[in-house]
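Note sheet for the following structure.
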Amino acid sequence: MQLTGAEIVIRCLQEEKVEYVFGYPGGSVLYIYDELFKQDKFKHVLVRHEQAAVHAADAYSRSSNKIGVCLVTSGPGVTNAVTGIATAHMDSIPMVIISGQVPTAYIGQDAFQECDTVGITRPCVKHNFLVKDVRDLAVTLKKAFYIAKTGRPGPVLVDIPKDITNQKCEFEYPKTITMRSYNPVVKGHSGQIKKAVQMLLEAKRPMIYAGGGVILSDAAEKLVKLARSLGYPVTNTLMGLGGYPATDKQWLGMLGMHGTYEANMAMQNCDVLIAVGARFDDRVIGNPAHFAEVSRKIIHIDVDPSSISKRVKVDVPIVGNLPDVLDELQKLLEASAGVPDPKALAAWWKQIDEWRGKKSLKYKQGKEIIMPQYVVEKLYEVTGGDAFITSDVGQHQMWAAQYYKFDKPRRWINSGGLGTMGVGLPYAMGVRFANPKATVACITGEGSIQMNIQELSTAKQFRLPIKIINLNNRYLGMVRQWQQMFHGNRYAESYVDALPDFVKLAEAYGHVGMKIERPADVEPALREAFTKHKNDLVFMDFLTDQTANVYPMVAAGKGLSEMILAEEL
Amino acid sequence: MRHIISILIENEAGALSRVSGLFSARAFNIESLTVAPTEDASLSRMTIVSTGSDDVIEQITKQLNKLIDVVKVVDLSEAAHIERELMLVKVRAAGKDREEMKRIADIFRGRIIDVTDSTYVIELTGNGSKLDAFLEAIDRSLILETVRTGVSGIGRGDRILKV
């Protein structure tokens, strides 16, 4: 049957079993919106800014492993989406972005709402396409979904000129796709895996370092099994939180710039390190030269060969899909006659327990001023540790990561790589669409929340009972912390003046607002929000300590074991 | 170290910018880049000359392989290979210089492919250092214009880069 390009787009999305499209209409996508209007197989979520559409689709994907889809118009629709696309790209999130383009004949003529979409987005997508012939449309969309979710996942953009959406051709959706230029590796090299098993069994001071790849590939269960059968300590990166249960005794906490003392010390002092779906980035290992000063054997499992030996030289590289590689590793381990050296392991755990004794996350909650860490701890208690937590970027993000103990994967949703302020609220929306019954809280600050505050309107329209935990210290806190520590207390433009009355603002959008000023009120307010207002969006404005800093801290350029601890100040 | 990297890439619009964009975004160095379709018109072959430590070259090949449109990548300089570059030089060739220019072109096995009463265009192929040597050998003040294609390379013997 002959279908128009717009009809083909809709049919392809239906074939991919898309549930939601996050988007914003405009001139170049009107034919697509017209066809969208005529169907009811998937729903459209109208956001209030294209950036939020991409973030929502991104979180929909992060919290479910389904592919988030968004639809934006040409020109400003695309440029507004770029921040969202770059955010997803840095964290390897599978997504498909469909953008309108000016008609084919107008391309390059500086037409109204024209921009070079493929050019602008090229460095921040896994791949992108410009469709120049309606007969290529279906196969291009199929490729987009295939590329987005296979190998190291990532966002894929398909740019469709307006005239293409109104031309007709025969429609057939390909069942499978093969590309001679794209064949992601699945199984790891068995010789390398054998070497890894040997190395792991010979370790005296072993360490498991697991990143976001564990979450993305749904490998958490297999990782837990491996770690438990070895009895080795585990640390997670910011992106990996929930990949290993935070309440487990083998877990040392998050590592990195704001990691725990025990995690960073164990990372620096181990003799065999196995990195699983992690990439040794600058916020994780600090100065690579300092990291390399200590000799240790490194095993690195990753689906992306270019992540291996990029910042740190490794001894046993294993390229493959994590669940497959971990399965084989487990099998060989169980078949092996060797066991970890019990004496060495006991001594290593004794050392780790000494480091734990530093209690690097302790803080003091007085009677007068609310400490931000306290709010996160109470939130953990009130939600029974079972909520989906989204965050924005800054101090509150680190406190959320440090004090909310994630036991399950896909519960911690934040922008780790790009560090995008303003993701928190649209992330919470995306999570709720993917998990319609879930408890969702957005931990944010008064700086970040204002970067996508307009989405309070979308949340109202779709009745999303998100709980916004605004840790309001009237400062861009992380900027202020760096200015205090590294720029002689000169707080250049980090004080946020003329803040809105967030309670009234929430009410103006039709939500519930609360202002919490005293430590004693924190827990009762949270309980009220999560019980009495279970079905409402509640904006909780917590006035918190203006001088609180995030500790421990590894200053930029310093080594992982050169931490500044709260007690030292 | 200097490396010659050969790439087979889908001959699609924008393929070149994906490669050149990768080099600039990751601060990799490009000395020269040549590209043209192969005997199979759906594929283009690119030759990139780059310099960098072994780690950098390893990243370059890995990152190139990661591009969705790239079918194959090979570092030609890892084994026996041939490289050639084409140069066209327009020189002043009048009076006593005319004979001398012809003589040097002959020594370098260059061909004169355009002649006026005061100029020659000389065509020269070889590796980069031969072309450099030619420019050194002639009187600099006589050079009016030069254009070089950049290096193309191919493996020797049984080393074949094909889909």
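The values are calculated or read from the model by the stated rules, or taken from the named source; none is laboratory data. Since we're looking at a predicted model, the values are computed, not measured. Please note: Cβ atoms are built from the backbone with ideal geometry, for glycine as well, and neighbour counts cover all protein chains shown.
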Could you check how many residues of the range A:456-512 are in a helix (DSSP H, G or I), more than 24 Å from A:THR547 (Cβ to Cβ) and not hydrophobic (A, V, I, L, M, F, W, C)? 6
Do you know which residues across the range B:110-147 are in contact (Cβ under 8 Å) with a residue 12 or more places away in the chain and assigned to a loop (DSSP other than H, G, I, E, B)? B:GLY110, B:ASP117, B:SER118, B:ASN127, B:ILE138, B:ASP139
Meets criteria (facing chain B (nearest Cβ under 10 Å), crowded, with 18+ Cβ neighbours inside 10 Å and touching a residue at least 24 places away in the same chain (Cβ under 8 Å)) for A:VAL118: yes
If you go through the range A:14-46 one residue at a time, how many are without any contact (Cβ under 8 Å) to a residue 60 or more places away in the chain, crowded, with 16+ Cβ neighbours inside 10 Å and in a helix (DSSP H, G or I)? 4
Residues in the range A:486-505 that are touching a helix residue (DSSP H, G or I) at 6+ places or on another chain (Cβ under 7 Å) and surrounded by 12 or more Cβ atoms within 10 Å (Cβ to Cβ): how many? 2
Single residue of the range A:74-91 satisfying the filter (out of contact with any helix residue (DSSP H, G or I) (no Cβ under 6 Å at 6 or more places or on another chain) and assigned to a loop (DSSP other than H, G, I, E, B)) that is surrounded by the most Cβ atoms within 10 Å (Cβ to Cβ): A:ASP91
Residues in the range B:85-128 that are among the β-branched types (Val, Ile, Thr), surrounded by fewer than 14 Cβ atoms within 10 Å (Cβ to Cβ) and within 25 Å of the chain's Cα centre (by Cα): how many? 2
Please state which one of B:MET87, B:MET101 is touching a residue at least 40 places away in the same chain (Cβ under 8 Å) and either outside any strand (DSSP E or B) or at the interface with chain A (Cβ under 10 Å from one of its Cβ atoms) (or both). B:MET101
Taking A:ARG283, is it under 23 Å from the mean Cα position of the chain (by Cα) and at pLDDT below 95? yes
Which ones in the range A:97-110 are away from chain B (no Cβ under 14 Å) and either assigned to a strand (DSSP E or B) or among the β-branched types (Val, Ile, Thr) (or both)? A:ILE97, A:ILE98, A:SER99, A:GLY100, A:VAL102
Filtering the range B:53-72 down to residues that are touching a residue at least 40 places away in the same chain (Cβ under 8 Å), over 16 Å from A:ILE308 (Cβ atoms) and crowded, with 16+ Cβ neighbours inside 10 Å yields B:LEU67, B:ASP69, B:VAL70, B:VAL71, B:LYS72
With the condition kept exactly as written, say whether any residue in the range A:372-394 is within 14 Å of chain B (Cβ to nearest Cβ), among the basic types (Lys, Arg) and touching a helix residue (DSSP H, G or I) at 6+ places or on another chain (Cβ under 7 Å). no
Report yes if B:ASP40 is over 27 Å from A:VAL156 (Cα atoms) and at the interface with chain A (Cβ under 10 Å from one of its Cβ atoms), otherwise no. no
Which one is farthest from B:THR61 (Cα to Cα), of the residues in the range B:4-16 that are facing another protein chain (nearest Cβ under 10 Å) and modelled with pLDDT of 95 or more? B:GLU10
How many of the residues making up the range A:166-201 are more than 14 Å from every other protein chain (Cβ to nearest Cβ), among the aliphatic types (A, V, I, L, M) and in contact with a helix residue (DSSP H, G or I) (Cβ under 9 Å, 6 or more places away or on another chain)? 6
It is to be established whether one or more residues within the range A:386-407 are of a type in the set (Ser, Thr, Tyr), buried (at least 18 other Cβ atoms within 10 Å of the Cβ), in contact with a Gly (Cβ under 6 Å, 6 or more places away or on another chain) and touching a residue at least 60 places away in the same chain (Cβ under 8 Å). yes
Looking at the range B:60-84, which of its residues are part of a helix (DSSP H, G or I), at the interface with chain A (Cβ under 8 Å from one of its Cβ atoms) and in contact with a strand residue (DSSP E or B) (Cβ under 8 Å, 6 or more places away or on another chain)? B:ASN65
Tally time: how many residues in the range A:127-162 are touching a Ser or Thr at 6+ places or on another chain (Cβ under 8 Å) and either within 11 Å of chain B (Cβ to nearest Cβ) or not in a helix (DSSP H, G or I) (or both)? 13
Answer with yes or no whether A:GLN113 is under 17 Å from A:ILE32 (Cβ atoms) and either surrounded by 16 or more Cβ atoms within 10 Å (Cβ to Cβ) or away from every other protein chain (no Cβ under 12 Å) (or both). yes
Taking the range B:22-59 and keeping only residues that are assigned to a strand (DSSP E or B) and among the aliphatic types (A, V, I, L, M), one is left with B:LEU33, B:VAL35, B:ALA36, B:LEU43, B:MET46, B:ILE48, B:VAL49
Name every residue in the range B:17-34 that is polar (S, T, N, Q) and facing chain A (nearest Cβ under 10 Å), in order of residue number. B:SER17, B:SER24
